[in-house]
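The next block holds one structure in the form of structure tokens; read it before the comments.
The values are calculated or read from the model by the stated rules, or taken from the named source; none is laboratory data. Note that the structure is predicted; figures quoted are calculated from it, not measured. Quick reminder, even Gly has a Cβ in these numbers, built from the backbone with ideal geometry, and neighbours come from all protein chains shown. Heavy atoms of the whole protein, side chains included, go into the accessibility calculation; ligands, DNA and RNA do not. Shrake-Rupley method; radii C 1.70, N 1.55, O 1.52, S 1.80 Å.
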Amino acid sequence: MTEAVSTGAGADGPVRVARVVLVDDHRMFRTGVRAEIGRTETTGIDVVGEADDVESAVKVVAETRPDVVLLDVHLPGGGGVEVLRRSAAVMGEPGGVKFLALSVSDAAEDVIGVIRGGARGYVTKTITGADLVNAVFRIADGDAVFSPRLAGFVLDAFAATDTPPVDEDLDRLTQREREVLRLIARGYAYKEIAKQLFISVKTVESHVSAVLRKLQLSNRHELTRWATARRLI
Amino acid sequence: MAAPGTEPEPSTTTPDGPPSGGAEPTPGPAAPPYRKLYRSPHSRMLGGVAHGLAVHLGLPVTWVRAAFVLLFFANGIGVLLYAAFWFVVPIGIGEPARGGLGPTYVWLNGQFVPADTVGARPQPLRKGQPGRLGRLRDLLQGTFQGEPVVPEQASAERGQSGATSRQNLGQLAALLMLVVGVMALLNVLNIQSSQPYTWPLLAIGVGVALVWRQADDSRWQRWFGLEGGGKRRGAFARVGAGVLLVTVGIIGFLILQGTGSTVASVIEASLAVLAGVLVLTGPYALRMWQDLGAERTARIRAQERAEIAAHIHDSVLHTLTLIQRRSEDPKEVQRLARAQERELRLWLYRPEAAAEAAPDTLAERLREVVAEVEDRHGVPVELVCVGDCPMDEKVAAQMQAAREAMVNAAKYGGGGPVQVYAEVEGRTVSVFVRDHGPGFDPETVPGDRMGVRESIIGRMKRHGGTARVRPAPDGGTEVELEMERAADD
């Protein structure tokens, strides 16, 4: 969480720039995020477009084809899920647009909804600028980004229940995946998880990606609803 | 039991004359400024028209009924008049006895009397008089009114009053008069056998009366939420009987008209016409239905919006005002903002939890603790909770230890966010508290520092749990608290 901005335009290394579109219905928030991460020469992030509702978001994403879209969960016109649904074409292709959900929402159904809709990760709006830059580059590289809260939601959703899984491979988390998620929920950065579990950061990333895939493809019926209900005990 | 009409006027509805069915008129002493005519839902023979009129005019019911019967013999005008009243005049609503909008009235001895004059307990509506005639009357009234016969116990209670029996006699007389009237009518009809349509028409009339009566009943029940569980079957039976009577009447009518051989085609034609009407009016009806639905939805939305606006006004706007006033005190501003954010989140995303007064589960308790630490130490605490369980003594001790760990993390964690993760897995409850501060080695803590040793480790041990304090891999400190829950719930 406290990792410095390591990716992006470093002194040595190849200069990398991630093209980003901001989708949020609050102009103030977009302005803030742009000010925080949009200084391309220091952060390596180039904000190429903004949108404030589903309609404009779909349009901007299709036109600019960014690397990463920072997507708010709550949007006029159907929310982040609708943007994902209508951007399926640009998402599907190899090297296509990737979505990172960015929300203040505390509700599991909102968050897991966008993740199941195809977003590659979810971070809260309390995230620091440096962490957000990191997350954007992680997403651009094809990894998944789990915030502690998302890890908690997923652990909850996949917790052992009486209902037998439809697909053993998808509807269950392995012990290792569970461990990784737990460490994320405890506030560990990937590097720290790697140290703790004596594995490489790459392995951590692959575990997280596997969890994300399971979350998106899982056959578990009413996963979202169920997870929400569980949190409302 | 109650006076019909929304504006009950004791002076007019409760003449204090002798309580007899055939009593002389006792006009009300003071004329009311404004009265509306309603049909009486109680003590009615058919539609409550006569009774409503009687109350309205301040006349004895019997007189009105007699007038209707007499008018009937005048070429059936009475029936027409009655039907017209039934159709036009709404059934009495705003029943004072239940609505509590005014003095309570009870139907007693043929008059409406304020309830307090007869005692706390309202008298039963009808007096189930033992004896064949009484039962016959009950049967007749039951058939047409669809009201249950007064329980035995209730009738026993009133046995003492001589007035009631006299009043019973009066009602009986009225009924007998009705029966005699019907007999006479039948005689007339028999004589008029040259008009063969009379019987079908009579059947239709009775059927329509039954159905209308039932409609009144259901309306009445809906208004006052009377659960008609046992009554429902009776209602269906009555409606069915009414429909059957009407159908039989119509078919009989057709047969008598000489179209008996073509009844089938007539029915077909009727159905065709009905279908045509449906096709023509269907869209309008549907449209109206949808409009009604849309209107209802809009109303609900408006209500919700009003509620949200009220909440925001009470909480958020209030806090924003406070923040503006205290803008020079960043700590206080942060505290206010955080507290408000928490409350708003709870209200938005966990309305059930917000509604609950006392938190009695782990997650709720943790949320409270986190809020308290955030407020007191001005450091954000991020809580992630997986699973939940009810609180017990051991978990409560664990929460106290967790609180201490959070306080430590807030104090010495370098001001960065404190991360709290709690998980309930079967009987085991684990809590992790982590900060990103400089970190410390528990071994090097001097012996006189009792915070960690006693409040966290010692407390957990005393309650049969374990606590570990260790440096996090990349700086900072993590406290791990593990506890087995007490008894099974």
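Looking at the stretch A:94-108 only, could you name the residues that are over 17 Å from A:D141 (Cβ atoms) and either within 14 Å of chain B (Cβ to nearest Cβ) or open to solvent by 60 Å² or more (accessible area, probe 1.4 Å) (or both)?
A:S103, A:V104, A:S105, A:D106, A:A107, A:A108 - these are the residues of the stretch A:94-108 that are over 17 Å from A:D141 (Cβ atoms) and either within 14 Å of chain B (Cβ to nearest Cβ) or open to solvent by 60 Å² or more (accessible area, probe 1.4 Å) (or both).
Quickly run through the stretch B:377-395 and pick out the residues that are more than 13 Å from chain A (Cβ to nearest Cβ) and either open to solvent by less than 40 Å² (accessible area, probe 1.4 Å) or touching a helix residue (DSSP H, G or I) at 6+ places or on another chain (Cβ under 8 Å) (or both). I'd like the intermediate steps shown before the answer.
Residues of the stretch B:377-395 that are more than 13 Å from chain A (Cβ to nearest Cβ), as a first pass: B:377-378, B:392-395.
Hits for the stretch B:377-395 are B:H377, B:G378, B:D392, B:V395.
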Q. If you scan the stretch A:41-60, which residues turn out to be farther than 16 Å from A:V136 by Cα and in a helix (DSSP H, G or I)?
A. A:V54, A:E55, A:S56, A:A57, A:V58, A:K59, A:V60
Q: For B:E368, indicate whether it is open to solvent by 20 Å² or more (accessible area, probe 1.4 Å) and in a helix (DSSP H, G or I).
A: yes
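Do you know which residues across the stretch B:459-475 are surrounded by fewer than 14 Cβ atoms within 10 Å (Cβ to Cβ) and without any contact (Cβ under 8 Å) to a residue 40 or more places away in the chain? Quick ask: steps written out before the conclusion?
Applying the first criterion (surrounded by fewer than 14 Cβ atoms within 10 Å (Cβ to Cβ)) to the stretch B:459-475 yields B:461-462, B:464, B:466, B:470.
Within the stretch B:459-475, B:K461, B:T466, B:R470 qualify.
Of all residues being more than 8 Å from every other protein chain (Cβ to nearest Cβ), at pLDDT below 80 and under 24 Å from B:V431 (Cβ atoms) in the stretch B:338-362, which is surrounded by the most Cβ atoms within 10 Å (Cβ to Cβ)? Just the residue, please.
If we filter the stretch B:338-362 for residues that are more than 8 Å from every other protein chain (Cβ to nearest Cβ), which is where we start, we get B:338-344, B:346-347, B:351, B:354-360, B:362.
Filter again for at pLDDT below 80, leaving B:346-347, B:351, B:354-360.
This time we only want the ones that are under 24 Å from B:V431 (Cβ atoms), so: B:346, B:354, B:356, B:358-360.
Details: B:L346: 17, B:A354: 14, B:E356: 12, B:A358: 5, B:P359: 15, B:D360: 10.
Among those residues, the one meeting the criterion is B:L346.
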Q: Tally the residues that are within 22 Å of A:K214 (Cβ to Cβ) and more than 14 Å from chain B (Cβ to nearest Cβ), restricting the search to the stretch A:119-139.
A: 6
Q: Among the numbered conditions (1) surrounded by 10 or more Cβ atoms within 10 Å (Cβ to Cβ); (2) farther than 22 Å from A:T126 by Cα, tell me where B:V279 comes up short.
A: (1)
Q: Kindly list, by first and then second residue, each pair from a residue in the stretch B:404-420 that is in a loop (DSSP other than H, G, I, E, B) to a residue that is not β-branched (V, I, T), limited to pairs with Cβ atoms under 6 Å and residues at least 6 apart or on different chains.
A: B:G413/B:D435; B:G413/B:G437; B:G414/B:G437; B:G416/B:H436; B:P417/B:P380; B:P417/B:E382
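If a residue has to be crowded, with 20+ Cβ neighbours inside 10 Å and either touching a Cys at 6+ places or on another chain (Cβ under 9 Å) or more than 7 Å from chain A (Cβ to nearest Cβ) (or both) to count, how many in the stretch B:419-437 make the cut?
The initial filter retains those residues of the stretch B:419-437 that are crowded, with 20+ Cβ neighbours inside 10 Å, namely B:419-424, B:429, B:431-437.
This time we only want the ones that are either touching a Cys at 6+ places or on another chain (Cβ under 9 Å) or more than 7 Å from chain A (Cβ to nearest Cβ) (or both), so: B:420-424, B:429, B:431, B:433, B:435, B:437.
Here the count works out to 10.
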